[in-house]
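Below is one structure, written out as structure tokens, with a few remarks after it.
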Amino acid sequence: MVTLNSPEIAQATLLRWKRDGQVSFVPTMGSLHEGHLRLIRLAKSVADRVVVSIFVNPLQFGPTEDLAQYPRPFEGDRALLEKEKVDLLFAPKETDLYPKGFQTRVRVGELARHLCGASRPGHFEGVATVCLKLFEITRADIAVFGEKDFQQLRIIRQLVADLNLPVSILSHTIVREEDGLALSSRNRYLTPCERSDAARLFESLTTAKAQATDRSVTAGRLLETMHRNLHETFDIDYKSICSESTLVPVAPHCRVGDITQPRLFVAAKIGQTRLIDNIAL
Ligand code: AMP
């Protein structure tokens, strides 16, 4: 595996590789877990060479968020990627991607208005900006994103369509622990007690999904049940039901059967740790 931090050298290397076949790409912030590895295996299965980036992108963190504490076990990550037979690890430093004088941003529209976009102002602008840069540097034919960050995935698909980027976006379903908790680098912050309570988040999603087999049930009803199931353990940031295409929360009186591709989204804090999850209804 080649490890590079220079955007110019990475771009030149990949332009050369692309003459011999397809390149797929998995962007990450490191602190890799099985969820990332599944995305990488999918990426490997669809192209001749696979590139993974590790970059904790300061542009997508708010001033009160966990940028400084975000785990960065770089050598362990690198060993995992070697084992997966990744071809290139792109691990730029902050100044490699944002040198002095950097001033251009991608502005995201309506899709960033709700859910995490509402509670994390500027987050998706940071995500879209770094992804556009990474797509340009890697020149990847295919990029793989997880449904765990469903709003991000939807925004990246829009970015690619709106800006005519020559990359195909593939998605991977959410990879979970045995008790249902979605794998996340942030799970490392949980105390043992919080970790065991955290499984209730997914339980509340599966309960809602079961309730929604009755297609006449309203969004309001589902969200009320969820609130009852979660409020004692979690500080709920949002819980919303949206159509996958617009990501605009539906009104409480909406019946699930009347929503096109309904999906339930939740973000909630347990102790100091913010968790997100979602499920198709
Ligand atoms: P991150 O390192 O958190 O920025 O995540 C990098 C990529 O891995 C993103 O596309 C995430 O959606 C994806 N990802 C993270 N955790 C999971 C998971 N549990 N299941 C599926 N994809 C995931």
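Screening the stretch 183-281 for strands (runs of 3 or more DSSP E) wholly inside it with 2 or more residues that are in contact with a strand residue (DSSP E or B) (Cβ under 6 Å, 6 or more places away or on another chain) and closer than 24 Å to His36 by Cα returns the ranges 262-270, 273-280. Consider the stretch 163-176 and keep the residues that are of a type outside the set (A, V, I, L, M, F, W, C) and more than 17 Å from the chain's Cα centre (by Cα). The one that is farthest from the ligand (Cβ to nearest atom) is Asn164.
On inspection, Phe74 fails the criterion of being over 20 Å from the mean Cα position of the chain (by Cα) and open to solvent by 60 Å² or more (accessible area, probe 1.4 Å). For the stretch 60-71, taking the residues that are open to solvent by less than 70 Å² (accessible area, probe 1.4 Å) and over 25 Å from Asp141 (Cα atoms), the one that is farthest from the ligand (Cβ to nearest atom) is identified as Gly62.
Per the listing Leu170, Leu201, the residue uniquely open to solvent by less than 30 Å² (accessible area, probe 1.4 Å) and either in contact (Cβ under 8 Å) with a residue 40 or more places away in the chain or among the hydroxyl-bearing types (Ser, Thr, Tyr) (or both) is Leu201. Might you let me know whether the stretch 2-24 holds any residue that is within 16 Å of the ligand (Cβ to nearest atom), hydrophobic (A, V, I, L, M, F, W, C) and closer than 24 Å to Ile174 by Cα? Taking every residue of the stretch 2-24 in turn, none turns out to be within 16 Å of the ligand (Cβ to nearest atom), hydrophobic (A, V, I, L, M, F, W, C) and closer than 24 Å to Ile174 by Cα.
Please indicate, with yes or no, whether at least one residue in the stretch 240-248 is among the β-branched types (Val, Ile, Thr), crowded, with 19+ Cβ neighbours inside 10 Å and closer than 30 Å to Pro27 by Cβ. Taking every residue of the stretch 240-248 in turn, at least one turns out to be among the β-branched types (Val, Ile, Thr), crowded, with 19+ Cβ neighbours inside 10 Å and closer than 30 Å to Pro27 by Cβ. Scanning the stretch 85-100 for residues that are surrounded by fewer than 19 Cβ atoms within 10 Å (Cβ to Cβ), touching a residue at least 40 places away in the same chain (Cβ under 8 Å) and charged (D, E, K, R) returns Lys85, Lys93, Asp96.
Residues are listed down the side, and each one gets a yes or a no for (1) more than 30 Å from Ser31 (Cβ to Cβ); (2) at pLDDT below 95; (3) over 19 Å from the mean Cα position of the chain (by Cα):
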site: Ser184; (1), (2), (3): no, no, no
site: Arg200; (1), (2), (3): no, no, yes
site: Gly220; (1), (2), (3): yes, no, yes
site: Ala251; (1), (2), (3): yes, no, yes
site: Lys269; (1), (2), (3): no, no, no
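Close contacts from the stretch 10-23, counting a first residue that is touching a residue at least 12 places away in the same chain (Cβ under 8 Å) and a second that is of a type outside the set (Val, Ile, Thr) and part of a helix (DSSP H, G or I), with Cβ to Cβ under 8 Å and a gap of 6+ residues or different chains, come to Gln11/Glu136; Val23/Leu14; Val23/Trp17. In this entry, Val46 is excluded by the filter for residues that are surrounded by 19 or more Cβ atoms within 10 Å (Cβ to Cβ) and either more than 9 Å from the ligand (Cβ to nearest atom) or modelled with pLDDT under 95 (or both). Arg157 meets the stated requirement of being surrounded by fewer than 20 Cβ atoms within 10 Å (Cβ to Cβ), more than 9 Å from the ligand (Cβ to nearest atom) and not hydrophobic (A, V, I, L, M, F, W, C). When the residues of the stretch 25-41 are filtered to those that are near the ligand (Cβ under 10 Å from one of its atoms) and open to solvent by 50 Å² or more (accessible area, probe 1.4 Å), the one that is farthest from Ile142 (Cα to Cα) is Glu34. Kindly indicate the residue of the stretch 121-152 that is aliphatic (A, V, I, L, M) and within 12 Å of the ligand (Cβ to nearest atom) and also farthest from the chain's Cα centre (by Cα) among those meeting that condition. Ranking the candidates gives Leu134 first.
The values are calculated or read from the model by the stated rules, or taken from the named source; none is laboratory data. The structure displayed is predicted, hence computed values, not measured ones. Glycine gets a Cβ as well: all are built from the backbone with ideal geometry, and neighbour counts include every protein chain shown. These accessible areas exclude ligands, DNA and RNA; they are computed on the full protein's heavy atoms, side chains included. Shrake-Rupley method; radii C 1.70, N 1.55, O 1.52, S 1.80 Å.
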